[in-house]
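For reference, the structure discussed in these notes is given below.
The values are calculated or read from the model by the stated rules, or taken from the named source; none is laboratory data. What you see is a predicted model; the values in this text were computed from it and never measured. In this analysis, Cβ positions are derived from the backbone assuming ideal geometry, glycine residues included, and neighbour counts consider all displayed protein chains. With ligands, DNA and RNA removed, areas are computed over all heavy atoms of the protein, side chains included. Shrake-Rupley method; radii C 1.70, N 1.55, O 1.52, S 1.80 Å.
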Amino acid sequence: MKTVVDQAIILRRINYGEADRILTLLTKEHGKVSCIAKGARRPKSKLAGGLELLSVSSISYIEGRSELKTIVSTQLTTHYGNIVNDLPRTMLAYDFLKLIDARTEHECEEAYFTVLESALEGLNSSDTNAHVTHAWFLACILQLSGTHMNIEKQVGGADYEEDATYAYDFDNMGFFAHPSGTFTPKHIKLLRLFSKVNAPSHLLHVAGAGELSEELVPLLRYGLQQV
């Protein structure tokens, strides 16, 4: 039987039988896989140490006849232990896992793993604003889902003006000038930055990024619901 070795993040796990666990893993090179870790809940299990939530681990598994793979070895690579010291960040991390699980099939591109890994790193660092990490993550998933926001020009093709406010048109996936709009050119510039950086930590020195990101989150979440 073929043995596969890959980097993995646990998206979901459930107890099975007396001592086993069934896991849904997002891997770096093999998409999303379902595995069973036999005996993982036993106190002296050799597998348990590499099956921590909010971690990246090196996982070896055997491909059998069914879709359920069998894990044969694990090694913890990175554990984002600081996340659990902050309840809002912990809830946000689990929200990220659920969102990735819901929006990926077994065949999914490596970028999903990369984005999730960077988002967990962002939540793990107290230097990185959690709202920035949240908005950056949603913007990345929205783009990976095939939806590209028009942030270079207004709907209709006009340039953005620094003293105007903007509303968002979901049908045309873009902003348009409106006197009661809730978005400014600063929001739009931050969205542009989201598409250019590969980690939220790269936005540490953007003035007002935390507040702007918090205001963008509802827009990005609603956009994902429409995909």
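Taken together, the criteria place Gly208 among residues that are at positive phi and of a type outside the set (A, V, I, L, M). Only one of the listed residues (Glu117, Glu107) is in contact with a strand residue (DSSP E or B) (Cβ under 9 Å, 6 or more places away or on another chain) and farther than 23 Å from Gly49 by Cα. That residue is Glu107. Using the structure shown, decide if His106 is out of contact with any helix residue (DSSP H, G or I) (no Cβ under 6 Å at 6 or more places or on another chain), open to solvent by 70 Å² or more (accessible area, probe 1.4 Å), under 26 Å from Asn85 (Cα atoms) and in a loop (DSSP other than H, G, I, E, B). Answer is no for this residue. Among the numbered conditions (1) touching a strand residue (DSSP E or B) at 6+ places or on another chain (Cβ under 7 Å); (2) more than 18 Å from Thr133 (Cβ to Cβ); (3) open to solvent by 30 Å² or more (accessible area, probe 1.4 Å); (4) free of Cβ contacts under 8 Å to residues at least 40 places away in the same chain, the only one that Thr74 does not meet is (3). Of the residues making up region 150-168, those that are open to solvent by 40 Å² or more (accessible area, probe 1.4 Å) and of a type outside the set (Val, Ile, Thr) number 11.
Residues of region 1-28 that are open to solvent by 40 Å² or more (accessible area, probe 1.4 Å) and either at positive phi or not in a strand (DSSP E or B) (or both): Met1, Lys2, Gly17, Glu18, Lys28.
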